[in-house]
Amino acid sequence: MFGSNPRYKKDFIAFPNLVVHSTFRTVQGEGPYAGSAATFIRLSHCNLACSFCDTEFEQGAVMSPQKLLEQVKIHHSYAKLVVITGGEPLLQDMSAFCEQFFTLYPDHIIQIETAGTVWQENMRKFIVSGQVVLVCSPKTPTVKAEIKAFCKHWKYIIQKDGIDHSDGLPNIPTQPGLTKRVPLARPPEGDDIVVWLQPMDEYDADKNAANIRECAELAMLWNYKVSLQIHKLLGVE
Ligand code: SF4
């Protein structure tokens, strides 16, 4: 975290196993399902090392799809939402788990949070069917073509001084050692595309207040939506 984590490559764990950091019941705090009760699966490891990343994802246990499903059942309530996040969850092929999950819970939704730099072809059918919903939060100038084709929800972390004011979206260098400003990958055009702005948490009251104000200004100017990390306000994980 905070740019210090080792970077992992796609498929670092042999299919169908997964390396799982944690599973827990919470309220989704960000993006299109904000405010919804959810079971979270945090998969371990990331291929990026963003300097502002405040998420712990380095530890983890190897689990079979069956074992992970047992963990999800423990946390499961009336919520029909499971969120798979990371790290970068698409480093791992979750298709065997999804197969078993949707057999048991056919009317549930799995939301996957990704930075968009990795693609798992075996996940295509779940995304096309609408059972799996992608939310992409770009941290790099480009994302995979499949992410661009299938993802409808684009979430940007807003730092007051890191905005390209020609479209109101970030142009910050996110990886350690990079200083040059580059626009992060932009969403495709389309009436069904939703852009979310989320203030960067800099663990500094003045900076955070400025980032929140910037989100509000940009949302009003460009008709974007605001995503606040309401799980932090609620005091849940
Ligand atoms: S892509 Fe996400 S999880 Fe990975 S280092 Fe960046 S902010 Fe953290």
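A short reminder: the numbers here are calculations on the coordinates, not readings from a lab. All figures in this text were calculated on a predicted structure; none of them were measured in a lab. Every residue, glycine as well, gets a Cβ built from its backbone with ideal geometry; the counts of neighbours run over all protein chains shown.
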DSSP-assigned coil residues among GluC sites (Glu not before Pro) in segment 124-224, each with at most 14 further Cβ atoms within 10 Å:
E189
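Of all beta bridges DSSP finds with both residues in segment 79-237, what is the antiparallel percent, to the nearest 5? Provide the component values of the computation, followed by the final result.
Values: 2 of 21 bridges.
So the antiparallel bridges in segment 79-237 amount to around 10 percent.
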DSSP loop (so not H, G, I, E, B), at most 15 other Cβ within 10 Å: list which trypsin sites (Lys or Arg not before Pro) in segment 103-177 pass both filters.
K152
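Volume per residue, Å³, of the convex hull around the alpha-carbon atoms of segment 89-176? Spell out each step's value before the answer.
Values: hull volume 9.5 nm³, N = 88.
Per residue, the Cα convex hull of segment 89-176 comes to 108 Å³.
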Once the in-chain neighbours fewer than 8 apart are removed, the aspartates and glutamates whose Cα is under 16 Å from K148 read E113, E121, E189, D191, D192
Taking the Cα-to-Cβ direction at A61 and at E121 and moving 7 Å from each Cα, how far apart do the two end points lie in nm?
3.4 nm
Each label sits 7 Å from Cα toward the beta-carbon; between A37 and I230 the label points are separated, in nm, by 1.5 nm
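Nearest 0.05, what FRET efficiency do D191 and S77 give at R0 = 25 Å with Cβ-Cβ as r? Before the final figure, lay out each step's value.
Details: r = 34 Å, r/R0 = 1.37.
Once rounded, the FRET efficiency stands at 0.15.
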For G86, which sequence-distant residues (separation of 5 or more, or a different chain) have an amide H within less than 5 Å of its own amide H, given hydrogens modelled in the peptide plane?
L43
If you average the alpha carbon positions of segment 94-129 and of segment 7-60, how far apart do those two centres end up, in angstrom?
14 Å
Suppose only helical runs count, i.e. DSSP H with n ≥ 4. What mean residue ellipticity at 222 nm does that imply for the chain under -39500 (n - 2.57) per run, divided by all residues and rounded to the nearest 500 deg cm²/dmol?
-7000 deg cm²/dmol
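Beyond 28 Å, what percent of the Cα pairs of the chain remain? Don't skip to the end; give the middle numbers.
On the way: 7787 of 27966 pairs.
Summing the P(r) of the chain above 28 Å gives 28 percent of all pairs.
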So what's the angle, to the nearest 10 degrees on a 0 to 90 scale, between helix 95-104 and the longest Cα principal axis of the chain?
70 degrees
Taking placed amide H atoms and a strict 5 Å upper bound, the residues 5 or more places from K155 or on another chain that come that close are C136, S137, W196
Expressed in Å to one decimal, the Kirkwood Rh of segment 152-237 from all distinct alpha-carbon pairs is 13.7 Å
Would you mind checking the tilt of helix 65-75 against the longest principal axis of the Cα atoms of the chain, expressed as 0 to 90 degrees and rounded to 10?
70 degrees
Convex hull projection area averaged over all views, segment 1-73, Cα basis, nm²:
5.5 nm²
Can you return the lysines within cross-link range of K207? Criterion is Cα-Cα under 24 Å, with same-chain partners fewer than 8 residues away left out.
K139, K155, K160, K180, K225, K232
3J(HN,Hα) from dihedral phi, segment 47-56, Karplus parametrisation 6.51/-1.76/1.60, rounded to Hz, x for glycine, proline
8, 10, 9, 6, 5, 9, 5, 10, 9, 8
Treating the angle as unsigned and between 0 and 90°, give the value, to the nearest 10°, between the Cα long axis of helix 205-222 and the longest Cα principal axis of the chain.
90 degrees
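Just the projected area, averaged over all directions, of the convex hull on the alpha carbon atoms of segment 45-96: how many nm²?
Values: hull surface 18.3 nm².
With every direction weighted equally, the projected area is 4.6 nm².
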